[in-house]
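A short write-up of the structure that comes next.
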Amino acid sequence: GDEIPVSHLPIGGVTPMGLSNNEKKTQAAEVPEVDMDKCTQCNYCSLVCPHGVIRPFLLDQMTYDIAPATLQASKATSSEQAGHYFRIQVSAADCTGCEVCVKTCPDDALRMVTQAEAVDLKHEEHWDFLRALPVREDLMKVDSVKGSQMQQPLLEFSAACAGCGETPYVKLMTQMFGDRMVIANATGCSSIWGNPYGSSPYTVRDSDGKGPAWQNSLFEDNAEFGFGMAQSTQQRRHQLHKNIGNLLKTTEIDDVPQLRGRLNQWYEKWQSAGTCNMLQNEIPPLLEEAKQAGAKSMCFNNVYDNKDMFIKTSQWIVGGDGWAYDIGFGGLDHVVASGMDVNIIVLDTEAYSNTGGQKSKSTPGGSVAKFAMGGKERQKKNLGEICMSYGNVYVASIAMGANMTQTVKALAQAEEYDGPSVILAYAPCIEFKIMHADGLGEMINCMKLAVTSGYWPLYRFDPRREIPMQLDQKTLKEDLDAYLKTENRFQGLNRQKPEAFKTLVETMRTTIRRRQKRYLAQMSPADEQQGEPLSILYGSETGNTQELAARFAGECQSRGYAVELAELNDLSVEDLAGRKNVVLMIATCGEGQIPQNAVTLYEELGRAEPGCLSGVNFSIFALGDRAYRHFCSAGTDYEEKLTALGATKVLDMGIGDDKDEDKFETGFSLWQPSWIQEVDAPPDPRENDPPAPLFHLEAADPRDSLESIARPPRTQRLAVGYNKRISPADFAYSIRHIQILDPHHSLPYTLGDALAVHWNNDEARVLRFLEAYGMNPNDCYTATLLEGMAAGVKADRLDGTFRVASVFTDMLDIFGRPSKKFLKDLSKVAPEGADRDRLNFLVSDEGADAFTKDVVGESLTFADVLLAFPSAKPDLNQLITMLPVMK
């Protein structure tokens with residue numbers, strides 16, 4: 001180093017990224033090998049890997065055909081990954097041999113092999129082949145355990161200790177937000193493994209070259225350092241927002257199709273990370289086009305010159321407990337109190353780990369550390385409660401090994417929160433002196449014991465919630481001694497001064513008990529009149545079940561229940577055990593598969609302890625199609641799991657059959673009254689009210705409208721090469737042979753996969769309906785979801801200014817088959833008279849035959865029914881509520 005002149009160093013101190021990938025140290029004596037026959041594709045191994053050396057990969061059929069003959073892969077089980085094969089692979093040259101992945105695998109699918117065996121098993125050949133493939137980052141959402149690990153890690157092969165507890169959290173953050181992250185890093189362990197010169201482990205995505213921007217701060221001022229970064233970005237984005245607002249008032253860019261609409265969309269949703277991610281790629285080419293067309297005003301140039309600010313930057317302040325609890329606490333407190341939208345993660349090793357294990361204010365009482373060799377006398381500082389006291393700070397305490405789902409959710413919620421967030425991440429360290437031959441290889445078990453004994457709490461404090469505190473580990477299953485005896489930092493004092501150790505441990509036990517009681521009390525509703533709690537949990541693949549669950553939740557709220565509406569994967573087994581009354585609504589997809597947003601909880605239930613759900617009362621309504629042999633099997637599978645774990649079934653499972661006359665509504669209309677009677681539900685005072693709107697619609701300038709509304713997620717537009725009717729001309733239905741052209745193999749599939757086709761309605765037919773209905777197809781609106789309403793995919797797709805015609809052409813199933821529920825809602829809109837009487841008759845028991853003959857038998861559409869009852873005329877907002885989305 002003394003021989004390198006300063007003039008040879010990069011200007012500005014910039015370090016090239018991804019240099020750690022060049023080292024290939026081959027330092028581990030043994031590395032993991034996967035048995036794909038046992039692997040259930042949970043991705044837990046990838047999540048907990050401290051160095052990013054074990055990863056999942058996807059291969060389409062053509063790629064698998066040319067893969068090395070020794071590379072074994074299994075058909076991907078997730079519906080989002082249909083058409084692909086799945087493989088877990090380790091980089092033997094980069095692995096440190098910590099064994100954390102092997103000890104985490106719930107399926108015994110990993111074993112350790114020697115480096116010589118790894119050579120025989122073609123590890124290097126397999127890794128090189130798989131890493132050369134494009135990473136399919138677009139198939140799954142990043143806010144789930146499995147989905148997050150399908151993203152390329154942008155922190156890899158660092159110089160952290162084998163089994164490090166810090167790096168898995170930061171690696172996960174780069175997978176969830178890395179393409180737009182800016183990191184201010186306090187000096188400490190995380191800065192040493194984060195950017196050793198010449199071996200930077202932070203890297204960029206293969207797909208687009210985007211990755212985190214990182215800078216190291218002094219030890220004491222990191223919070224202020226990150227705060228300054230955030231302020232600079234915020235000021236530039238505010239100015240861009242102002243300039244776009246001014247530009248939209250002019251006609252300068254009207255000649256560029258879609259630019260006004262996209263800029264207006266950004267102007268309205270500029271704090272939405274998802275919208276900004278999409279528009280950051282779409283707007284710049286349109287700005288270039290406008291510039292070429294002659295746009296040159298100062299306002300336009302200000303927008304053009306700041307187009308790098310279309311992205312919503314994710315600002316993170318990263319450091320250890322020595323910084324956050326001690327030397328940098330004043331700055332951290334200042335930043336938290338500012339209300340600035342920044343995210344802070346404290347990698348809590350409970351000591352100054354980078355300088356040899358000195359005590360900090362995070363060090364627990366009773367543990368031995370430098371400057372506390374006789375055992376630290378004071379208990380650990382409660383940084384979380386200090387931050388919660390402000391009332392407007394998102395605070396979470398996480399431990400990845402104890403609850404992976406909670407960790408992913410907490411990071412996603414913290415980043416989404418518009419304000420300061422603080423994450424306290426339990427990070428086992430070599431200074432814990434784990435009393436096991438594998439040391440930090442036991443990192444995950446260390447986390448589990450810490451949480452189940454109450455030593456480390458799991459919670460999320462979200463100011464957006466009516467009751468902000470959510471305690472994610474409510475039951476303490478292990479005695480505190482079970483945890484303390486596994487670490488020499490505690491047992492060292494026990495051997496030296498057993499009486500002092502006993503006193504300090506009793507103080508710790510009292511502190512834990514009081515804290516647990518305090519947090520449980522914070523979860524109790526302040527208003528006892530809030531109503532009986534009811535959790536409505538759903539698993540949905542196409543959106544039907546999600547919409548039904550949202551509707552049912554609204555009806556239950558109207559009856560006075562305190563309703564929680566969530567995907568099944570949003571809850572862990574521990575969460576579910578804390579719910580008293582639960583309704584599950586779940587669809588069956590594919591060949592008996594559980595929907596992706598319900599499969600994680602199902603897998604966790606399979607590993608749960610018997611009797612853990614003994615206080616839960618549950619009901620299930622399952623949706624399916626009896627034409628398939630695994631009809632409603634997802635509902636049956638969940639029922640068996642819940643019953644086996646001690647939950648009490650309230651009534652028999654309801655069945656919604658797509659082949660019934662009224663589709664799933666037929667079964668739901670029978671199940672719902674039975675549920676109401678069985679649970680003695682209060683009456684619904686709004687039962688006869690017209691359908692409530694989901695959105696606030698505001699008239700918009702037609703120049704700002706988008707060409708079409710957003711397409712369904714994870715879909716792509718392909719050309720049709722062949723389209724011929726094969727049913728007779730006089731047959732009621734047009735059965736067709738259609739060939740889809742996919743010259744670039746962008747839609748891979750394997751034998752047995754199902755293809756979902758999302759249709760548009762014929763625009764000419766839509767225009768004829770709107771003319772007959774008296775609605776202007778060219779009127780334009782923006783939609784804002786009303787507070788407390790759940791609109792499912794409708795909210796996702798009504799993003800930006802839309803034309804009325806587009807809603808009926810691209811989204812609403814106006815020419816689909818009407819249900820009795822639709823007719824019932826239509827009767828609530830109709831004034832007193834013949835139309836209302838007829839509608840009420842058609843949905844009554846007495847009118848069942850008439851419904852079959854006049855509605856089903858005549859193949860009436862929603863449009864036909866609306867035009868047949870002209871006095872019942874829902875407005876656009878009500879139609880968006882009442883009409884289903886095209887499936």
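Structure data summary
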| read-out | value |
| --- | --- |
| Virtual paramagnetic centre 7 Å along Cα→Cβ of H238, amide N under 15 Å, in the range 269-284 | 271 |
| Answer label, with Rg and Dmax of the Cα atoms in Å calculated from the coordinates and candidates (i) 29.2, 96; (ii) 65.7, 187; (iii) 34.7, 114 | (i) |
| ³J(HN,Hα), Karplus 6.51/-1.76/1.60, whole Hz, each residue of the range 230-241, x for Gly, Pro | 5, 4, 4, 5, 4, 5, 5, 5, 4, 5, 5, 4 |
| Residue (of F129, F157, L139) at the positive-pole extreme of the range 113-157, dipole from beta-carbon charges | L139 |
| Heavy-atom accessible area order for Y733, Y538, Y483, Y64, largest first, 1.4 Å probe | Y733, Y64, Y538, Y483 |
| Inter-site label distance for A754 and R495 at 7 Å from Cα along Cβ, in nm | 6.1 nm |
| Scattering curve values for the range 590-724, log₁₀ I(q)/I(0), Debye with Cα scatterers, q = 0.21 Å⁻¹ | -1.28 |
| Distance-filtered residues of the range 25-54 - backbone nitrogen under 17 Å, label point 7 angstrom along S74 Cα→Cβ | 33-47 |
| The chain, dipole about Cα centre (Lys/Arg Cβ +1, Asp/Glu Cβ -1), debye to the nearest 20 | 1600 debye |
| Highest-first arrangement of 150-163, 286-299, where packing means the average Cβ count within 10 Å | 150-163, 286-299 |
| Charge dipole (the range 489-528, unit charges on Cβ, about Cα centre) - positive-most of I512, N494, S524 | N494 |
| Principal-axis tilt of helix 273-292 within the chain, Cα atoms, nearest 10 degrees | 70 degrees |
| Theoretical ellipticity at 222 nm over the chain - DSSP helices of four or more residues, -39500 (n - 2.57) apiece, nearest 500 | -10000 deg cm²/dmol |
| Phi-based couplings in Hz for the range 857-867 (Karplus 6.51, -1.76, 1.60; Gly and Pro marked x) | x, 8, 6, 5, 9, 4, 4, 4, 5, 4, 6 |
| Under 12 Å, Cβ to Cβ, from Y64 - net charge with Lys/Arg +1 and Asp/Glu -1 | 0 |
| Under-5 Å amide H pairs with D60, H placed in peptide plane, nonlocal only | Y85 |
| Reach of K24 by Cα under 23 Å, taken over lysines that are not fewer than 8 positions away in the same chain | K122, K171 |
| Share, in percent, of DSSP beta bridges within the chain that are antiparallel, nearest 5 | 45 percent |
| On Cα atoms only, tilt of 498-523 relative to the major axis of the chain in degrees | 20 degrees |
| Degrees, to the nearest 10: 443-452 long Cα axis against longest axis of the chain | 70 degrees |
| Net lengthening on full extension, D875/R703 (0.36 nm per residue, minus Cα-Cα) | 59.6 nm |
| Spatially proximal aspartates and glutamates relative to K249 (Cα-Cα < 18 Å; intrachain offsets below 8 disregarded) | E268, E698, D701, D704 |
| Theoretical FRET efficiency, 1/(1+(r/R0)^6), r = Cβ-Cβ of E832 and A692, R0 25 Å, to 0.05 | 0.75 |
| Additional length obtainable on full extension of the chain from D107 to R513, 0.36 nm per residue less Cα span | 142.7 nm |
| Residue (of S572, S746, T349) at the positive-pole extreme of the chain, dipole from beta-carbon charges | T349 |
| Percentage of interatomic Cα-Cα distances in the range 711-768 larger than 17 Å | 58 percent |
| Subset of K75/K724; K724/K887; K25/K370; K433/K517 violating a 25 Å alpha-carbon distance limit | K75/K724; K25/K370; K433/K517 |
| Net charge over other residues, Cβ less than 14 angstrom from the Cβ of V583 (K, R count +1; D, E count -1) | -2 |
| Spacing of the two label points (7 Å from each Cα toward its C-beta) at K291 and R464, in nm | 3.5 nm |
| Accessible area (Å², 1.4 Å probe, nearest 10) - V53 | 10 Å² |
| Protection-proxy order for peptides 84-96, 871-883, each taking the mean of Cβ atoms within 10 Å per residue, highest first | 84-96, 871-883 |
| Label-to-label distance, nm, for residues given as A521 and K307 (7 Å Cα→Cβ offset) | 5.8 nm |
| Potential lengthening between A132 and E771 on full extension [0.36 nm per residue; Cα-Cα distance subtracted] | 224.6 nm |
| Cβ charges +1 (Lys, Arg) and -1 (Asp, Glu), total dipole of the range 722-792, debye | 320 debye |
| Rounded FRET efficiency, nearest 0.05, which uses the C-beta distance separating E591 from K38 and R0 of 25 Å | 0.75 |
| Modelled FRET efficiency - R0 51 Å, I726 with K122, Cβ distances, 0.05 increments | 0.60 |
| HN-Hα J in Hz across the range 112-126 - Karplus 6.51, -1.76, 1.60, θ = phi - 60°, x for Gly and Pro | 8, 10, 6, 4, 5, 5, 4, 5, 5, 7, 6, 4, 5, 4, 5 |
| Magnitude of the charge dipole, the range 476-586, Cβ model with Lys/Arg +1 and Asp/Glu -1, debye to 20 | 880 debye |
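The values are calculated or read from the model by the stated rules, or taken from the named source; none is laboratory data. Just so it is clear, the model here is predicted, and its values are computed rather than measured. So basically every Cβ, Gly included, is an ideal-geometry build from the backbone, and we count neighbours across all protein chains shown. Surface accessibility is based on the protein's heavy atoms, side chains included, excluding ligands, DNA and RNA. Shrake-Rupley method; radii C 1.70, N 1.55, O 1.52, S 1.80 Å.
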